[in-house]
Amino acid sequence: MIDKDLLNILACPDTQEDLVEASPEQIQKANQLIGNGKLLNRSKKKVTEHIDGGLIQKETRRFLYPVVKGIPVLLIDEAIALKDIE
């Protein structure tokens with residue numbers, strides 16, 4: 001869970017949209033795919049580390065930015081296509 005004050009100042013590094021937290025179901029599905037070695041990030045590299053949470057673009061809802069060990073990873077290449085986990 002991301003601190004609400006922090007969430008209010010974070011933005012998508014690509015579109016500058018506000019971000020919202022991913023649902024527990026989305027995180028569970030992403031971690032299942034990661035465990036099976038079937039999830040790629042935006043740079044087409046296999047995601048190997050399970051995520052604690054995720055941040056999604058509020059309007060376009062195209063990408064999930066992973067939260068690893070409580071830290072949001074807001075790097076464009078590390079984003080995961082939301083369509084791949086839904």
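The values are calculated or read from the model by the stated rules, or taken from the named source; none is laboratory data. Source: prediction; values computed, not measured. Ideal geometry is used to build each Cβ from the backbone, glycine not excepted, and the neighbour counts take in all protein chains shown.
Observations
- Selection status of residue 56, buried (at least 18 other Cβ atoms within 10 Å of the Cβ), at pLDDT 95 or above and assigned to a strand (DSSP E or B): yes
- From the options 27, 2, 51, residue that is in a loop (DSSP other than H, G, I, E, B), under 19 Å from residue 86 (Cα atoms) and of a type in the set (A, V, I, L, M, F, W, C): 51
- Residues (assigned to a loop (DSSP other than H, G, I, E, B) and charged (D, E, K, R)) located in the stretch 59-86: 59, 61, 62, 69, 86
- Close pairs from the stretch 9-23: first farther than 19 Å from residue 70 by Cβ and touching a residue at least 40 places away in the same chain (Cβ under 8 Å), partner assigned to a loop (DSSP other than H, G, I, E, B) and among the β-branched types (Val, Ile, Thr), Cβ under 9 Å, at least 6 apart: 12/60; 15/60; 17/60
- Flag if residue 5 is surrounded by fewer than 19 Cβ atoms within 10 Å (Cβ to Cβ), touching a residue at least 60 places away in the same chain (Cβ under 8 Å) and of a type in the set (D, E, K, R): no
- The number of residues in the stretch 34-44 that are in contact (Cβ under 8 Å) with a residue 24 or more places away in the chain and either part of a loop (DSSP other than H, G, I, E, B) or buried (at least 17 other Cβ atoms within 10 Å of the Cβ) (or both) comes to 4.
Let's see how each residue does on (1) modelled with pLDDT under 95; (2) of a type in the set (Asp, Glu); (3) surrounded by fewer than 16 Cβ atoms within 10 Å (Cβ to Cβ); (4) touching a strand residue (DSSP E or B) at 6+ places or on another chain (Cβ under 6 Å):
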{"position": "19", "(1), (2), (3), (4)": "no, no, no, yes"}
{"position": "29", "(1), (2), (3), (4)": "no, no, no, no"}
{"position": "50", "(1), (2), (3), (4)": "no, no, yes, no"}
{"position": "61", "(1), (2), (3), (4)": "no, no, yes, no"}
{"position": "65", "(1), (2), (3), (4)": "no, no, no, yes"}
{"position": "75", "(1), (2), (3), (4)": "no, no, yes, no"}
{"position": "82", "(1), (2), (3), (4)": "no, no, no, yes"}
